[in-house]
Each structure stands twice: as structure tokens, then as C-alpha cells.
1. Looking at P11, is it exposed (fewer than 13 other Cβ atoms within 10 Å of the Cβ) and modelled with pLDDT of 95 or more?
2. Within the group L111, L73, which residue is in the same structural domain as H24 (by TED's automatic domain parsing), within 18 Å of V53 (Cβ to Cβ), buried (at least 19 other Cβ atoms within 10 Å of the Cβ) and of a type in the set (A, V, I, L, M)?
3. Which residues, taken from segment 132-146, are of a type outside the set (D, E) and either under 15 Å from V194 (Cβ atoms) or surrounded by 14 or more Cβ atoms within 10 Å (Cβ to Cβ) (or both)?
4. Could you grab me the full set of residues in segment 177-198 that are among the polar types (S, T, N, Q) and out of contact with any Leu (no Cβ under 8 Å at 6 or more places or on another chain)?
5. Please determine, by comparing only the residues of segment 1-55 that are over 23 Å from L102 (Cα atoms) and among the small types (G, A, S), which one is farthest from the chain's Cα centre (by Cα).
6. Could you grab me the full set of residues in segment 1-16 that are within 22 Å of D140 (Cβ to Cβ) and out of contact with any helix residue (DSSP H, G or I) (no Cβ under 6 Å at 6 or more places or on another chain)?
7. Hey, K198 hits all of (1) surrounded by fewer than 16 Cβ atoms within 10 Å (Cβ to Cβ); (2) within 23 Å of P10 (Cβ to Cβ) but one; which does it fall short on?
8. Which of the residues that make up segment 37-54 are of a type outside the set (V, I, T) and either under 20 Å from A124 (Cα atoms) or buried (at least 17 other Cβ atoms within 10 Å of the Cβ) (or both)?
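The values are calculated or read from the model by the stated rules, or taken from the named source; none is laboratory data. Small disclaimer: the values here were computed from a predicted structure and weren't measured. Cβ placement follows ideal geometry from the backbone for every residue including glycine, while neighbour counts extend to all protein chains displayed.
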Amino acid sequence: MNSVLERYLPPSAVIPCFDLIRTHRVHLKVVNERMTRHGDYRLQPDGSHQITVNATPNPYRFLITLIHEIAHLVAFESYGRRIKPHGREWKHTFQHLMLPFLRPEIFPTSLLPLLAKHFRNPKASSSTDAHLAIALKEFDPPSDQSILIELPQGTVFRLKNGRTFKKGQRKVKRFQCVEIGSGRLYLFQPNAEVEVVK
């Protein structure tokens, strides 16, 4: 297990994460990247706990996702299965589990203030915190993907599923974009990763 964790986590986070996995008897599976989620927690029919986390070369994203999913397990065990998946019990548990990791031996100093702000009231996904998501992307390998907020209005872009859109105006927190094929309007997170159509 340690060798798997060493591939994906910041070095100083390996032992504390291994201890959490062992304490809570987690069966951890690292899976190919999924478009819709970074990780997943499931109570198996035999009573064991399975957590899946997307394989990513970004150790900070992997760590946040792993602790996010362990927080689901711990919150359900502490408060019962009737709680909301991302309700206050989960938020409190996530904050408590994440606190020992929020230090410069584990995270770059550029991320720590954003993480401190994020964990005052953690969201269901780090991807919905646009400032944190953009900062985390700095630690991804280079790609041909652009971040929507950085593109000028009127830019035509493509999603991984092949659909194309034209960037419109910002509406409160999200950008209103029109789908080229249908003319329908959709709202996008500012940190959505898209491919610019030349």
C-alpha cells in the first residue's frame, strides 16, 4: 500500500494517509481518471469500505480527494447513514481530518492560504472552488486544455465529449455559453477545462 501512496501523494503525507487507511480499514483503488468525479466512497455489502480515487500526477489533488472520501466514511460511522453526503457533519469531519495536512511540509506555500480559506466551509468538490481549482491546476502536467475564465468572451471552445460552445458573459459566478450546434445556453464554472477551437 505504501508504494501505491508514494506514487500519488506528497512524500510527507504518505505515512499519515496510510495510518488513516489502516485505522478505518479502507480498501483503496486508484482508477483511471473519470470526467464526473475525482473520487468515490462506498460501503460494500460485506461491510468493508471501498474508496476509489482518480489516478492523477497532481499529488495535492490526490491528497485532498483521498481525505474527502475518508471523511465520508468517518462521518457516516460517527453520525449515521441518514446525514446529507456533504452536509455539516461531513464538513466538520473533513475539516478535522484535513487540518494535520495543512502545513508547508506537505503543500506548497502558494496553496496554503487558498486551502485555509476553502476549509472554512469546504465544498462538495474542490473543483467548484474556482480559485483553488485554478491554483491546483498549476501542479498538473502541461496540456492542451485552457481554463474558461482566462479566455476572452466570444472564444469558441470544445469539451472532451466533442460538443462546441461560444463563451458569453459572466452571470454571478458562472459563464453563460451558447452551444454551437443547438443554440441552447449553458452555465459553466470559471475553472472549466476546455480546448480552444482555432
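1. Numbers: exposed (fewer than 13 other Cβ atoms within 10 Å of the Cβ): yes; modelled with pLDDT of 95 or more: yes.
Yes: the conditions hold for P11.
2. Details: L111 fails: within 18 Å of V53 (Cβ to Cβ).
It is L73.
3. The initial filter retains those residues of segment 132-146 that are of a type outside the set (D, E), namely 132-137, 139, 141-143, 145-146.
Listed by number, the residues that qualify are L132, A133, I134, A135, L136, K137, F139, S143, Q145, S146.
4. So in segment 177-198, the residues among the polar types (S, T, N, Q) come out as 182, 189, 191.
Within segment 177-198, S182 is the sole residue that qualifies.
5. Result: G47.
6. Kept after step one, since they are within 22 Å of D140 (Cβ to Cβ), are these residues of segment 1-16: 4-14.
Correct list: V4, R7, P11, S12.
7. Of everything listed in (1) surrounded by fewer than 16 Cβ atoms within 10 Å (Cβ to Cβ); (2) within 23 Å of P10 (Cβ to Cβ), K198 misses just condition (2).
8. From segment 37-54, those of a type outside the set (V, I, T) are 37-50, 54; that's our starting set.
Those that are of a type outside the set (V, I, T) and either under 20 Å from A124 (Cα atoms) or buried (at least 17 other Cβ atoms within 10 Å of the Cβ) (or both): R37, H38, G39, D40, Y41, R42, L43, H49, Q50, N54.
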